[in-house]
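Below is one structure; the comments refer to it alone.
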Amino acid sequence: LQQLLGINEMEPMSSGTNVKIYKMVQVNTPEQVGEGETIHLTKVKRELARTIELGLKKYRRQTTAELIQKTGREIAINRTDEKLLSGVQKDIKRGFYSVIAQGTGTASGKGLQAALAAAWGAIVKFYEDEDATPIYFVSSDDLSEYLGEAQITLQTAFGFSYVKDFLGLGTVVVSPTLNKGKLIATA
């Protein structure tokens, strides 16, 4: 998951931790002065953008001896474990998508390719002074329409399906959870 999202350094945090996200804001633009005059200070301050509290989601499953006897160990234990893990992954992905969907930028285009290109342009503009690698999250419905006219190869990691360097714009993560016609892009 870290490689897919391009995370180089992960900082583990415990439940109950507050993550504070800051942004830098330029407070003023000093007057331009003539040759040899003193240039006034440009002030930049750090502001709290938002705080996220990390919560612990708990899951518990049990298998009875009767169920093992009735269906066998494979079904009673292993397959129910797989189903539980699948549910946990879905909850993690839903939470992840809800956090990244809180972004404030917008871009639009007709069709998947045009929308991705517009999102790429918005990201490049937003991160103008940084070396940012875009990543996009699109609905499986939108990608399936695109697949009707083009051929691509999907990869999988942590239950995510994705396409590396899609159209030369960056990684595209595909999810049936997302709404058709709306993609999420970030860096």
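Of the residues making up the range 161-186, those that are under 15 Å from A118 (Cβ atoms), not β-branched (V, I, T) and not in a helix (DSSP H, G or I) are L169, G170, G181, K182, L183, A185. Scanning the range 164-180 for residues that are surrounded by 13 or more Cβ atoms within 10 Å (Cβ to Cβ) and either free of Cβ contacts under 8 Å to residues at least 12 places away in the same chain or more than 17 Å from the chain's Cα centre (by Cα) (or both) turns up just one, L167. Taking the residues in the range 118-160 that are in a loop (DSSP other than H, G, I, E, B) and within 15 Å of A185 (Cα to Cα) as candidates, determine which candidate is least open to solvent (accessible area, probe 1.4 Å). This residue is P134. Screening G34, G16, G55, G72 for residues that are at positive phi, loosely packed, with under 11 Cβ neighbours inside 10 Å and at pLDDT 85 or above leaves exactly one candidate, G16.
Against the list (1) outside any helix (DSSP H, G or I); (2) hydroxyl-bearing (S, T, Y); (3) exposed (fewer than 14 other Cβ atoms within 10 Å of the Cβ), the condition S98 fails is (1).
The values are calculated or read from the model by the stated rules, or taken from the named source; none is laboratory data. Worth saying up front: this structure is predicted, and the values here are computed from it rather than measured. Here the Cβ is made from the backbone with ideal geometry for all residues, glycine too, and neighbour counts use every protein chain on show. The area values use the complete protein model at the heavy-atom level, side chains included, leaving out ligands, DNA and RNA. Shrake-Rupley method; radii C 1.70, N 1.55, O 1.52, S 1.80 Å.
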